[in-house]
Amino acid sequence: MADPGPRSLLYEGIMLPALVHSRESLRYAQLGFQVRDSDVFSVTYPKSGTTWMQELLTLIHSNGDPQLARSVPSWERVPWLEQTTAAGFLENRPCPRLISSHLPCGLFPTSFHGSNAKVIYTVRNPKDICVSLYYYSKMASFLEFQEDFGEFVELFSAGKVLFGSWFQHVKGWLGLRDRLNFLLLTYEEMHQDLRGSVERICQFLGKPLDARALDGVVENASFQAMKQNKMCNFSLAPRFLLDQTQSSFLRKGITGDWKNQLTTAQSENFDRIYREQMQGLDLSFPWDQP
Ligand code: A3P
């Protein structure tokens with residue numbers, strides 16, 4: 001692994017933003033944090049739809065009522081497991097705790113294994129993640145940024161970006177996909193059929209909603225509604241940390257944006273690495289279809 005750079009922390013071979021992570025917070029997440037059976041984790045590789053899932057979980061638990069989603073920041077509603085803010089804060093949350101994490105499976109709390117806590121793992125086309133991460137790194141002063149997009153694609157392909165390799169993250173978590181307490185969702189299916197995806201989440205959580213509540217969830221978790229909601233569009237973050245004049249946090253919210261960004265050569269090279277890395281995985285994703 002190359003030098004992680006001044007804004008990053010290298011932990012167990014994974015590069016993380018040093019602003020909000022420390023060795024102590026990561027050790028706490030892995031070894032100190034006590035998982036409860038009622039916990040619900042939303043796990044994602046960065047830029048896969050984390051904020052979207054935070055909004056969906058909040059709205060589902062509020063029966064479609066947007067009051068909480070519009071009055072409390074997303075990072076307090078569905079707080080981070082591995083960040084320096086977690087210790088003390090998570091213990092005092094009422095059940096069921098809704099918790100976000102970008103951790104790879106191998107760094108997840110040891111007390112999760114053997115518990116009945118639920119994990120929703122959201123995956124997204126890695127080429128779209130690469131584009132989204134590029135623009136996010138451009139606006140976020142606390143992240144390393146490689147301005148040359150071609151070089152950025154190479155760093156991403158090699159896993160030399162925050163939270164390490166997309167391939168390792170996805171393959172690690174998919175190892176749990178046969179467990180009853182694990183739900184795999186794709187950004188693409190949420191995009192294509194948000195209502196159907198919400199119904200799947202509700203069924204998984206054992207929290208059925210009536211048609212009106214479902215309408216409330218779907219309306220308030222649309223890209224347009226979230227873009228207007230200052231509790232999730234990160235307009236509360238100071239400009240010296242997130243400069244939204246460079247790019248928006250809720251940027252485009254579409255599938256296939258990579259086609260506007262990657263050259264044919266960059267795309268073909270990525271596809272080759274993708275095939276090598278994902279071979280033997282008995283699963284196909286929406287983006288695998290030509
Ligand atoms: P883009 O940069 O491609 O627009 P994360 O929350 O994991 O950081 O992911 C951010 C990405 O999810 C951004 O992608 C953002 O626009 C997209 N996103 C967030 N909410 C969304 C929604 N309601 N519908 C579609 N995309 C959404």
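Laboratory data are not the source of any read-out in this text; all were calculated from the coordinates shown. Please read these numbers as outputs of a predicted model, since none were measured by experiment. Please note: Cβ atoms are built from the backbone with ideal geometry, for glycine as well, and neighbour counts cover all protein chains shown.
Average projected area of the Cα convex hull of the range 3-86, in nm²?
6.6
Taking the Kirkwood radius as the inverse of the mean 1/r across Cα pairs, report the Rg/Rh of the chain.
On the way: Rg = 18.2 Å, Rh = 19.5 Å.
With Rg and the Kirkwood Rh in hand, the quotient comes to 0.93.
Restricting to DSSP H runs of at least four residues, report the calculated mean residue ellipticity at 222 nm for the chain, -39500 (n - 2.57) per run over all residues, nearest 500 deg cm²/dmol. Before the final figure, lay out each step's value.
Working: 12 runs with 107 residues, N = 290.
Helix-only estimate at 222 nm: -10500 deg cm²/dmol.
Hey, could you get me the Stokes-Einstein D for the range 31-185, Kirkwood radius over alpha-carbon pairs, 20 °C and 1.002 mPa s, rounded to whole µm² s⁻¹? Kindly include the intermediate steps, with their values, before the conclusion.
Details: Rh = 16.5 Å.
The Stokes-Einstein estimate is 130 µm²/s.
Given R₀ = 22 Å, FRET efficiency for residue 281-residue 31 by Cβ-Cβ distance, to 0.05?
0.15
Classify the range 136-290 as rounded, prolate or oblate from the Cα gyration tensor: take a ≥ b ≥ c as the square roots of its eigenvalues, call it rounded if a/c is under 1.5, otherwise prolate when a/b beats b/c and oblate if not. Please list the in-between numbers first.
Numbers: a/c = 1.92, a/b = 1.14, b/c = 1.69.
Because a/c hits 1.5 or more and a/b fails to exceed b/c, the range 136-290 counts as oblate.
Across bins of 5 angstrom width beginning at 0, how are the C-alpha pair distances of the range 198-290 distributed, in whole percent?
2, 10, 12, 12, 13, 15, 16, 14, 5, 0
How large is the Kirkwood hydrodynamic radius of the range 159-225, in angstrom, based on all distinct alpha carbon pairs?
Numbers: mean 1/r = 0.0716 Å⁻¹.
Here the Kirkwood hydrodynamic radius works out to 14.0 Å.
Given charges of +1 on the Cβ of Lys and Arg and -1 on the Cβ of Asp and Glu, with all other atoms neutral, how large is the dipole of the range 1-103 about its Cα centre, in debye to the nearest 20?
On the way: 9 positive and 10 negative charges, 24 e Å.
For the range 1-103, the charge dipole is close to 120 debye.
Please arrange 139, 53 by counting, for each residue, the other beta carbons lying within 10 Å of its beta carbon, fewest first. Display every interim value, and only then the final one.
On the way: 139 21, 53 26.
Listed from fewest to most nearby Cβ atoms, that is 139, 53.
About the Cα centre of the chain, what is the dipole size in debye to 20, counting +1 per Lys and Arg Cβ and -1 per Asp and Glu Cβ, all else neutral? Spell out each step's value before the answer.
Values: 29 positive and 31 negative charges, 106 e Å.
Using only the charged Cβ atoms, the result is roughly 520 debye.
Which distance in nm do the two modelled labels at residue 177 and residue 24 give, with both placed 7 Å along the Cα-to-Cβ direction?
Label at residue 177, label at residue 24, 3.9 nm between them.
Computed FRET efficiency, Cβ-Cβ of residue 260 and residue 199, R0 45 Å: what is it to the nearest 0.05?
Values: r = 32 Å, r/R0 = 0.70.
After rounding, the FRET efficiency stands at 0.90.
Considering only the other residues whose Cβ falls under 15 Å of the Cβ of residue 50, what net charge follows from Lys and Arg at +1 and Asp and Glu at -1? Walk me through the numbers on the way to the answer.
Numbers: positive: 47, 77, 124, 251; negative: 55, 76, 82, 128.
Counting the neighbours of residue 50, the net charge comes to 0.
For the range 114-157, with the dipole built from +1 on Lys and Arg beta-carbon atoms and -1 on Asp and Glu ones, taken about the Cα centre, which of 116, 155, 133 lies farthest toward the positive end?
The listed residue farthest towards the positive side: 116.
Principal axis lengths of the range 108-178 from Cα atoms, whole Å, largest first?
44, 22, 16
Just how large is the dipole of the range 87-193 about the Cα centre, in debye to the nearest 20, putting +1 at every Lys and Arg Cβ and -1 at every Asp and Glu Cβ? The partial results should precede the final answer.
On the way: 10 positive and 11 negative charges, 106 e Å.
The dipole of the range 87-193 has a size of about 520 debye.
May I ask you to sort 274, 136 by Cβ crowding, counting other Cβ atoms within 10 Å and putting the fewest first? Don't jump to the answer; show the numbers that get you there.
Details: 274 17, 136 21.
Listed from fewest to most nearby Cβ atoms, that is 274, 136.
Could you identify which residue out of 104, 238, 79 has the top mean-square fluctuation in a GNM of the chain using Cα springs shorter than 10 Å?
238
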